[in-house]
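Engineer: Sharing a structure, written as structure tokens. Questions coming.
The values are calculated or read from the model by the stated rules, or taken from the named source; none is laboratory data. All values reported here derive from a predicted model rather than from experimental measurement. Quick reminder, even Gly has a Cβ in these numbers, built from the backbone with ideal geometry, and neighbours come from all protein chains shown.
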Amino acid sequence: AQSVTQLDSQVPVFEEAPVELRCNYSSSVSVYLFWYVQYPNQGLQLLLKYLSGSTLVESINGFEAEFNKSQTSFHLRKPSVHISDTAEYFCAVSLAQGGSEKLVFGKGTKLTVNP
Amino acid sequence: DGGITQSPKYLFRKEGQNVTLSCEQNLNHDAMYWYRQDPGQGLRLIYYSQIVNDFQKGDIAEGYSVSREKKESFPLTVTSAQKNPTAFYLCASSLHRDSGNTIYFGEGSWLTVV
């Protein structure tokens, strides 16, 4: 079965600094990878996902993530963060097989952007 | 606007009572899900449904029950058998339960046992 490890439970940074949120997965077969964001007391929203093709995927608000098959990683990066990026970020993985497959979430990383 | 509506947002339950959380979607999605979120533990799947009148247990189904009588609705009942029900509950849906589909979430419901 697939699993996801988010290496940092909390990441504090200053505004306009770069940030990287780390995500590693384990699976013996091909996977699809996702990053979701959760603002306080709200549901999760999809930030970006990798299904196939280019290993670098981008979101509309400046985040990007790169699928690295050899390192089984899908780290999330942003070159300059804003106060409004303060939220919890979840990495998730599902097996890239036909039919119904379970989406497995990591335990989340709380990003706090300080002025 | 299309989306997923969960109600109530906040719910208090006395020990020994059953409570039902409502989830309605107007996205015309086939698949619906219930997740439980506890601090520092991420999301854990309780139940999911791929089509009307069919549902499957997830990883932590004990003490919970669901029904899927209509495509738009997937209510979750937290029964008195659930030993530690205080948590944030998230309903979600996707077009189909294929692995590459995006899952869309509702705003969540807080359940507190008093």
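Engineer: Can you confirm whether A:VAL37 is of a type in the set (A, V, I, L, M, F, W, C), more than 12 Å from every other protein chain (Cβ to nearest Cβ) and part of a strand (DSSP E or B)?
Structural biologist: Details: of a type in the set (A, V, I, L, M, F, W, C): yes; more than 12 Å from every other protein chain (Cβ to nearest Cβ): no; part of a strand (DSSP E or B): yes.
So A:VAL37 does not fit the description; no.
Engineer: So in region B:33-61, with the set limited to residues that are surrounded by fewer than 22 Cβ atoms within 10 Å (Cβ to Cβ) and among the hydrophobic types (A, V, I, L, M, F, W, C), which one is farthest from the other protein chains (Cβ to nearest Cβ)?
Structural biologist: Going through the qualifying residues, I end up with B:VAL52.
Engineer: Now a separate question. From the residues in region B:75-113 that are under 17 Å from B:GLY63 (Cβ atoms), among the small types (Gly, Ala, Ser) and within 13 Å of the chain's Cα centre (by Cα), which one is nearest to the other protein chains (Cβ to nearest Cβ)?
Structural biologist: For region B:75-113, the residue satisfying everything is B:SER109.
Engineer: Next question, about the same structure. Kindly list the number of the only condition in (1) in a loop (DSSP other than H, G, I, E, B); (2) surrounded by 13 or more Cβ atoms within 10 Å (Cβ to Cβ); (3) modelled with pLDDT under 95; (4) not small (Gly, Ala, Ser) that fails for B:ASP1.
Structural biologist: Checking B:ASP1 against (1) in a loop (DSSP other than H, G, I, E, B); (2) surrounded by 13 or more Cβ atoms within 10 Å (Cβ to Cβ); (3) modelled with pLDDT under 95; (4) not small (Gly, Ala, Ser), the one that fails is (2).
Engineer: In region A:33-42, which residue that is at pLDDT 90 or above and over 12 Å from A:HIS75 (Cβ atoms) is surrounded by the most Cβ atoms within 10 Å (Cβ to Cβ)?
Structural biologist: Restricting attention to region A:33-42, the residues satisfying the condition of being at pLDDT 90 or above are A:33-39.
Okay, now just the ones that are also over 12 Å from A:HIS75 (Cβ atoms), so A:34, A:36-39.
Details: A:PHE34: 27, A:TYR36: 25, A:VAL37: 20, A:GLN38: 21, A:TYR39: 13.
Ranking the qualifying residues of region A:33-42, first place goes to A:PHE34.
Engineer: Okay, moving on. Please go through region A:41-61 and pick out each residue that is in contact (Cβ under 8 Å) with a residue 12 or more places away in the chain and closer than 14 Å to B:PHE105 by Cβ.
Structural biologist: A:LEU44, A:LEU46, A:LEU47
Engineer: Let me ask something additional. Out of (1) over 29 Å from B:THR5 (Cα atoms); (2) crowded, with 19+ Cβ neighbours inside 10 Å; (3) within 14 Å of chain B (Cβ to nearest Cβ), the odd one out for A:VAL19 is which?
Structural biologist: (3)
Engineer: Consider A:SER52 against the criteria (1) surrounded by 16 or more Cβ atoms within 10 Å (Cβ to Cβ); (2) within 10 Å of chain B (Cβ to nearest Cβ): it satisfies all of them except one. Which criterion is unmet?
Structural biologist: With (1) surrounded by 16 or more Cβ atoms within 10 Å (Cβ to Cβ); (2) within 10 Å of chain B (Cβ to nearest Cβ) applied to A:SER52, the lone miss is (1).
Engineer: What do you reckon, is B:GLU69 more than 17 Å from B:HIS96 (Cβ to Cβ), among the acidic types (Asp, Glu) and without any contact (Cβ under 8 Å) to a residue 40 or more places away in the chain? Even if it seems obvious, please write down each step before you answer.
Structural biologist: Values: more than 17 Å from B:HIS96 (Cβ to Cβ): yes; among the acidic types (Asp, Glu): yes; without any contact (Cβ under 8 Å) to a residue 40 or more places away in the chain: yes.
Yes.
Engineer: Evaluate region A:62-72: report whether one residue or more is touching a residue at least 24 places away in the same chain (Cβ under 8 Å) and either in a strand (DSSP E or B) or basic (Lys, Arg) (or both). Give the derivation first.
Structural biologist: Start the filter on region A:62-72 by keeping residues that are touching a residue at least 24 places away in the same chain (Cβ under 8 Å), which leaves A:63, A:65, A:67, A:71-72.
Subset that is either in a strand (DSSP E or B) or basic (Lys, Arg) (or both): A:65, A:67.
Yes: one or more hits.
Engineer: Now for a different question. Within region B:84-109, restricting attention to residues that are touching a strand residue (DSSP E or B) at 6+ places or on another chain (Cβ under 7 Å) and under 17 Å from B:ASN18 (Cβ atoms), which residue is surrounded by the fewest Cβ atoms within 10 Å (Cβ to Cβ)?
Structural biologist: B:THR86
Engineer: Before we move on, is A:LEU44 within 11 Å of chain B (Cβ to nearest Cβ), in contact with a Phe, Trp or Tyr (Cβ under 8 Å, 6 or more places away or on another chain) and within 25 Å of B:SER94 (Cβ to Cβ)? Walk me through how you get there before you give the answer.
Structural biologist: Working: within 11 Å of chain B (Cβ to nearest Cβ): yes; in contact with a Phe, Trp or Tyr (Cβ under 8 Å, 6 or more places away or on another chain): yes; within 25 Å of B:SER94 (Cβ to Cβ): yes.
Against the criterion (within 11 Å of chain B (Cβ to nearest Cβ), in contact with a Phe, Trp or Tyr (Cβ under 8 Å, 6 or more places away or on another chain) and within 25 Å of B:SER94 (Cβ to Cβ)), A:LEU44 qualifies.
Engineer: Next question, about the same structure. Identify, please: which residue in region A:22-32 is among the hydrophobic types (A, V, I, L, M, F, W, C) and at pLDDT below 90 and is, among those, surrounded by the most Cβ atoms within 10 Å (Cβ to Cβ)? Working first, answer last.
Structural biologist: Here is the first cut: in region A:22-32, the ones among the hydrophobic types (A, V, I, L, M, F, W, C) are A:23, A:29, A:31.
Filter once more, keeping what is at pLDDT below 90: A:29, A:31.
Values: A:VAL29: 8, A:VAL31: 25.
Filtering region A:22-32 for residues that are among the hydrophobic types (A, V, I, L, M, F, W, C) and at pLDDT below 90, the one surrounded by the most Cβ atoms within 10 Å (Cβ to Cβ) comes out as A:VAL31.
Engineer: Looking only at region A:1-16, count how many residues are loosely packed, with under 13 Cβ neighbours inside 10 Å and acidic (Asp, Glu).
Structural biologist: 1
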